[in-house]
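Bear in mind that the values in this text are calculations on the coordinates, not laboratory data. This is a predicted model, so every value here is computed, not measured. Please note: Cβ atoms are built from the backbone with ideal geometry, for glycine as well, and neighbour counts cover all protein chains shown.
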Amino acid sequence: SSFNLKNGSLVTITPPKRPKVESKKDNSNDDKASSVRYTAFDPYPFLAKPSHSTAARRSRALSRLPTKRSMSYSDIADLHSYMHVIEPQPEGPIKRVYMCHTGAQKFSSNCVVQPTKKQLRDTKGKASPQIRNRCAVLFGTVNTERVDQSINVKARTSLSTPLYEMKMCEVVKVHAVWEPPQTPPKKEEDSYDASQLIKGKEVERARQIAKELGLQTIGWIYSHSDDRQGADDGSSNNSEEDSLPVWGKDIVYGAMGQIENMEKVGRDEGKKYLTLALDSRSGATEAFQLSDVSVQMVAEGVLAIPKEGDFKRFVKTQESVSIDNKETKDLDTVFCLVNTAMLSHEGRFSGKAGANFVKKA
C-alpha cells in the first residue's frame with residue numbers, strides 16, 4: 001500500500017545508475033588509429049572495404065550501451081565483412097612473360113660494381129666486386145597467342161581445329177629496361193632505392209618516350225642480395241620450400257606501380273603488370289603477378305611499409321584481415337603472389353633486332 005499500487009497498474013524496473021569509471025587504455029591493435037589510404041583511387045572497387053578498426057571501435061561502443069550488453073552473432077558477422085579475405089589467387093591476367101635476355105643481363109651487370117685500379121693496387125689484387133641492388137621499369141607490349149605453344153602443333157583449318165588448340169591467352173614481351181636515377185646502397189644487403197621508380201619527371205619522360213616507340217609500362221624488376229632462402233623469423237630451417245624472393249616491401253612498391261599504371265591507362269589494361277625478382281648473386285630471376293586483394297590493400301593503406309621494424313616475408317597489416325576465417329594481422333606475403341611463367345627472347349631494341357628496328361637517317 002505504501003507504493004499506492006492498484007489492480008492493473010504498470011510497474012517499470014530500471015537498473016541503478018552506475019558510477020562513471022575512467023576506462024583504462026587498451027593497448028590492443030584494434031584501438032589504434034585506422035589505416036591511412038595511399039590513394040583515393042580504388043584499383044578493384046568490388047574488393048574495396050571500409051576501415052575495419054573504425055567499425056570495430058563503433059561496434060564496441062554500441063555494445064556498452066545500457067540497452068545492449070554485448071555483441072550479437074549478427075554484429076560479429078557484420079564486423080567480419082569489413083575485413084579483406086586473403087586467399088591464394090590461382091592465376092592473373094598474364095599467362096607468361098618473355099624477358100629480353102640482353103636487357104636482363106645488362107641490369108644484372110649494373111648491380112655489380114667492379115673494383116677500381118686503385119683498390120686492386122692497394123689490396124694487391126684481392127679486392128672483390130661489390131653488389132649494389134637496383135630497380136628498373138619494364139617497357140614492352142601485351143600480345144595474344146595460343147596457350148599451347150608446342151612445336152608439334154600443326155596448322156589446321158577452323159573446322160578441324162581441336163578446342164584445346166583454339167584457346168588463346170595474353171602474354172607480355174619485355175623490350176626495354178629503364179633504370180631511374182637512384183642512390184646506390186651503402187652495403188650489399190641493403191635494399192634498392194625506389195624513390196623515383198613510380199613518380200617523378202624522369203619516369204614520366206621515360207613513359208612518354210616508350211609510348212612514342214609503341215611500348216607501354218608492363219612491370220618492374222629489382223635485385224636482392226640478402227639471404228631469402230629461409231624463413232626470416234630466426235629459424236634455422238633453410239629449405240627450398242621456405243624460399244621467397246618477394247618480401248613485403250617489394251609487394252608494396254609493386255602494387256604502387258600497378259596502381260599508378262591502372263590509374264593512367266585504365267583498370268583493364270593497367271592490371272597487366274609484372275614483378276620480376278633477380279638474385280644479384282646468382283642472376284636467377286623469377287616472375288610474379290600481385291593478387292587483386294593485395295593491390296587493393298595497398299591502395300587502402302592496409303598493407304604499408306612501417307616506419308620502424310622489419311618488413312620481410314611475414315608482415316603486420318595495419319588492419320585486421322581474414323585468413324581461413326580467422327581474424328589476424330599476421331600475413332605471409334606468399335598469399336599476395338601469383339606465379340608466372342617466364343621465357344627468354346630478344347627484345348625489339350637489343351642486338352641485331354634493335355639495329356634493324358631503328359631507322360637510319
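If you take the beta carbon distance between Arg205 and Phe41 as r and set R0 to 22 Å, what does 1/(1 + (r/R0)^6) give as a FRET efficiency, to the nearest 0.05?
Values: r = 23 Å, r/R0 = 1.03.
Efficiency, from the Cβ-Cβ distance: 0.45.
Computed extension gain for His80 through Thr183, at 0.36 nm per residue and net of the alpha carbon distance, reaches 32.8 nm.
When a/c is below 1.5 the answer is rounded, else prolate if a/b is larger than b/c, else oblate, so apply that to region 80-157 with a ≥ b ≥ c taken from the square roots of the Cα gyration tensor eigenvalues.
Note, shape of region 80-157 comes out oblate.
For Glu212 and Thr328 in the same chain, what is the full-extension length gain: residue separation times 0.36 nm, less their Cα-Cα distance, in nm? Spell out each step's value before the answer.
Working: separation 116, 0.36 × 116 = 41.76 nm, distance 4.67 nm.
Gain on extension, Glu212 to Thr328, equals 37.1 nm.
Per-residue packing, averaged as other Cβ atoms within 10 Å, sorts the ranges 217-227, 190-200 into the order 217-227, 190-200, beginning with the highest.
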